[in-house]
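Asker: Submitted below is the structure of interest, expressed as structure tokens.
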Amino acid sequence: MLNSERYDRQIKLQGFGIEAQDKLASAKVLVIGAGGLGCPVLQYLTAAGVGNIGIVDDDRVSLSNLHRQILYNSDDVGKLKTKAAFERLNAMNPEVQFKIFSERINPQNAVTIVSEYDIIIDCTDNFATRYLLDDVCRILEKPLIFGAIYQYEGQIAVFNVRNKEGFTTHYRNLFPEPPNPGEVPDCNEAGILGVLPGVIGTLQATEAIKLMTGIGETLINQLMTIDILSYQTAVFEIPSLHLTDKNIPYSIEEFENMNYQLHCGIEFAGIKNISSSEFKEAAKLPDTVVIDVREPEEQPKLDVPYVSIPLSQLKENVSQINNRNVIVVCQSGKRSLSGAKILQEILEPKYSISHLEGGINHLNKETHE
């Protein structure tokens, strides 16, 4: 394998050679998320000859993914990302061993999955999973390579690796408290330039290769930010602070009992999250009303009976709600959760309040598979 022409150009690099290629071949890397960030990470690690790569993702390819997730093409729409990714990557380099996990990582399966790998790469797009990965990697002492994107800006950092002074930092050192979900729009709402995840994902793959081989200086205890419109970059030192929050898990048992949806304000006690597959059946339940809290001009429209009450007008129009089973929906699931919380505070306890997790974006994706 090491004498293959496939790796000739990087083996010839000064400071790299057969020894570094050998380290790549024996390494095990887990990539969480096979979307915008995960695609370039997976492609470059596969091409570089990383011996074992795990891919975790429960999502399916949609048409709106294709402008930035260039591992896929139009024929893949509707397919599980893990399976479509495996087909392309295996064809790219059959010398790499792949293991796919077509499931969402959660406190119940994370320890088993993460334990198999040497390096974990966070290519996710939500705070609940980022805190989950930070905690499990801290508990299991696994290096975590973080990446995040927003419109034209990106971030990269390496957590849970000791620097020369013996200090280590975690995602919680950078962001001790989860933000209010309503204050942080995702790419479904704010949009994103397609090349940005390619830039950030490539840098995440670079950090992984540097960690595996020992070449260069990695972003240990540092956060690098990039604005691709101006090419302004900055590197910040992350303070190594002792974590004292009582809501932080310190053992596997505490971790497995953690509710990250609740921790990040994505879920509230007494409000049920309804998945896309559950929504249409739930909407048919007796004495049920679906409340769409989007603005009236937003598309696409629901294909089930609903009442339109924009979130900004919800408090003043609660009197319109007479059904005891209330399902709140919006485009991505953020406004609907806020709306459900408003209704929970105003309506009597006899009302059952739910919201559509992932919003109409996920609902339509599933409908067209």
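Asker: When you go through (1) assigned to a loop (DSSP other than H, G, I, E, B); (2) in contact with a His (Cβ under 9 Å, 6 or more places away or on another chain); (3) surrounded by 15 or more Cβ atoms within 10 Å (Cβ to Cβ) one by one for Gly78, which number turns out not to apply?
Answerer: Going through (1) assigned to a loop (DSSP other than H, G, I, E, B); (2) in contact with a His (Cβ under 9 Å, 6 or more places away or on another chain); (3) surrounded by 15 or more Cβ atoms within 10 Å (Cβ to Cβ) one by one, Gly78 breaks only (3).
Asker: Given (1) free of Cβ contacts under 8 Å to residues at least 40 places away in the same chain; (2) under 20 Å from Thr169 (Cα atoms), where does Phe255 come up short, assuming only one miss?
Answerer: Among (1) free of Cβ contacts under 8 Å to residues at least 40 places away in the same chain; (2) under 20 Å from Thr169 (Cα atoms), the lone unmet condition for Phe255 is (1).
Asker: With Leu343, Leu347, Leu311 as the choices, which residue is within 25 Å of Gly191 (Cα to Cα) and at pLDDT 85 or above? Quick ask: steps written out before the conclusion?
Answerer: Numbers: Leu343 fails: within 25 Å of Gly191 (Cα to Cα); Leu347 fails: within 25 Å of Gly191 (Cα to Cα).
Of Leu343, Leu347, Leu311, the one residue that is within 25 Å of Gly191 (Cα to Cα) and at pLDDT 85 or above is Leu311.
Asker: Sticking with this one: Of the conditions (1) touching a residue at least 60 places away in the same chain (Cβ under 8 Å); (2) touching a strand residue (DSSP E or B) at 6+ places or on another chain (Cβ under 6 Å); (3) surrounded by 21 or more Cβ atoms within 10 Å (Cβ to Cβ), Ile271 clears all except one; give me its number.
Answerer: Here Ile271 clears every test but (3).
Asker: Based on what the data block shows, is Phe98 closer than 22 Å to Ala208 by Cβ, touching a strand residue (DSSP E or B) at 6+ places or on another chain (Cβ under 7 Å), open to solvent by 10 Å² or more (accessible area, probe 1.4 Å) and part of a helix (DSSP H, G or I)? Give the derivation first.
Answerer: Working: closer than 22 Å to Ala208 by Cβ: yes; touching a strand residue (DSSP E or B) at 6+ places or on another chain (Cβ under 7 Å): yes; open to solvent by 10 Å² or more (accessible area, probe 1.4 Å): yes; part of a helix (DSSP H, G or I): no.
No; evaluated as a whole, the condition is false for this residue.
Asker: Follow-up. Cβ-Cβ under 7 Å, sequence separation 6+ or interchain: first residue in region 18-43 and assigned to a helix (DSSP H, G or I), partner among the aromatic types (Phe, Trp, Tyr). Which pairs?
Answerer: Gln21/Tyr7
Asker: For region 84-95, how many residues meet the condition of being open to solvent by less than 70 Å² (accessible area, probe 1.4 Å) and either at positive phi or free of Cβ contacts under 8 Å to residues at least 12 places away in the same chain (or both)?
Answerer: 1
Asker: Assuming Val290 fulfils every condition listed in (1) open to solvent by 80 Å² or more (accessible area, probe 1.4 Å); (2) more than 28 Å from Ile119 (Cβ to Cβ) apart from one, which condition is it?
Answerer: The number of the failed condition is (1).
Asker: Exactly one of these conditions fails for Ile55: (1) closer than 26 Å to Tyr150 by Cβ; (2) without any contact (Cβ under 8 Å) to a residue 60 or more places away in the chain; (3) assigned to a loop (DSSP other than H, G, I, E, B). Give me its number.
Answerer: Looking at each condition in turn, Ile55 falls short on (3).
The values are calculated or read from the model by the stated rules, or taken from the named source; none is laboratory data. Fair warning: this is a prediction, and the values are worked out from it, not measured in the lab. A quick note on method: Cβ atoms are made from the backbone with ideal geometry, for glycine too, and the neighbour counts reach across all protein chains shown. Calculation scope for accessible area: heavy atoms of the full protein, side chains included, ligands and nucleic acids excluded. Shrake-Rupley method; radii C 1.70, N 1.55, O 1.52, S 1.80 Å.
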